[in-house]
Amino acid sequence: MRAQTSTTIRLHAGLVIAQLLCWSLFVFELSRALGGNTLSWAYVVEWPVLAGYAIFMWRRLLQQERGEDAASQRTASAEDPGPDPALDAWNEYLAKVHQADPPRDGPPTAT
């Protein structure tokens, strides 16, 4: 098992604090909503969404901390992808279009 760095420990602690805060506020707002405060129903939905977002960001930051982000995996798996035929065809098409287009002396005029 990998030794945990101080950054990883802080990420775990941040997630625990965020989850405790989100779920306790969810329970608080649910009790207010059930007591008749209709505005609290919006918060009843909001706090679990924020808790889910905290988990998403926690996982993302852990991956970055471990060096497992998607960009580095793609770069490592395909170091030299070589020429792209579709891109070359598109660039040739653009070159032909620009050759056929006459140069303009000023800004385009409205018709």
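The values are calculated or read from the model by the stated rules, or taken from the named source; none is laboratory data. Source: prediction; values computed, not measured. No Cβ is skipped: glycine too gets one built from the backbone with ideal geometry, and neighbour counts run over all protein chains shown.
Please enumerate the residues belonging to region 1-15 that are of a type in the set (A, V, I, L, M) and loosely packed, with under 11 Cβ neighbours inside 10 Å. Result: MET1, ALA3, ILE9, ALA13. Note on region 22-103: enclosed helices (runs of 4 or more DSSP H) holding 2 or more residues that are at pLDDT 85 or above and closer than 30 Å to THR8 by Cβ are 40-66. Taken over region 1-41, residues that are more than 24 Å from the chain's Cα centre (by Cα) and not polar (S, T, N, Q) amount to 16.
Yes or no, residue by residue, for (1) touching a residue at least 40 places away in the same chain (Cβ under 8 Å); (2) more than 30 Å from ARG66 (Cα to Cα):
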| position | (1), (2) |
| --- | --- |
| THR8 | yes, no |
| GLN19 | no, no |
| LEU30 | no, yes |
| LEU39 | no, yes |
